[in-house]
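Student: Below is a structure I'd like to ask you about.
The values are calculated or read from the model by the stated rules, or taken from the named source; none is laboratory data. Computed from a prediction, not measured in an experiment: that's the story for all the values here. Positions of Cβ are generated from backbone atoms using ideal geometry, with glycine treated the same way; all protein chains shown enter the neighbour counts.
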Amino acid sequence: MHPMTRRDVFQAIADPTRREIITLISRQPLNLNAVAGNFDMSRQAISLHIKILRECGLILIQQEGRDRYCSIQPKKLAEVADWVEPFRNMWEERFDRVDLILKNLKTKKMVGKNKQNKLNKPKK
């Protein structure tokens, strides 16, 4: 990738390790060693993931004494939420329609059962 090319948030969340890093630091800011300690991979590999997250604007790295701490920048995740929202709405509408169909079928089944019970009921 060309050094001046900026990555986008979707590239960052495409990788499961980066998603896990985001989850970890969303709970509390962590130094690089603490982040790396949560994974079974080299610190160099974690540093590359963190670099990508920083380039995407998802995390901020701040120097505190000798340590560098990663903290989440949740505003950037809003891009993902904004993109997903229309799909979420579409699926909610579809599930609502399925619920309505199922309720109608259940009601018809109950009405049919009641009619059948009345027909099968012995006359006095």
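Student: Name the residue, out of GLU64, GLU79, GLU20, that is out of contact with any helix residue (DSSP H, G or I) (no Cβ under 7 Å at 6 or more places or on another chain), of a type in the set (D, E, K, R) and at pLDDT below 95.
Tutor: Residue meeting the stated conditions: GLU64.
Student: What's the total number of residues in the range 54-90 that are out of contact with any strand residue (DSSP E or B) (no Cβ under 8 Å at 6 or more places or on another chain), surrounded by 10 or more Cβ atoms within 10 Å (Cβ to Cβ) and aromatic (Phe, Trp, Tyr)?
Tutor: Of the residues in that region, 1 qualify.
Student: Can you pull out every residue in the range 34-47 that is part of a helix (DSSP H, G or I) and over 11 Å from CYS70 (Cβ atoms)?
Tutor: Within the range 34-47, ARG43, GLN44, ALA45 meet the criteria.
Student: Follow-up. Between residues in the range 38-56 that are without any contact (Cβ under 8 Å) to a residue 40 or more places away in the chain and residues that are acidic (Asp, Glu) and not in a loop (DSSP other than H, G, I, E, B), which pairs lie under 9 Å by C-beta distance while being six or more apart or on different chains?
Tutor: What qualifies is ASN38/GLU20; PHE39/GLU20.
Student: Give me a count of the residues in the range 13-32 that are without any contact (Cβ under 8 Å) to a residue 12 or more places away in the chain and not charged (D, E, K, R).
Tutor: Matching residues across the range 13-32 total 4.
Student: Can you find a residue in the range 94-109 that is modelled with pLDDT of 90 or more, of a type in the set (Val, Ile, Thr) and within 30 Å of ALA36 (Cα to Cα)?
Tutor: no
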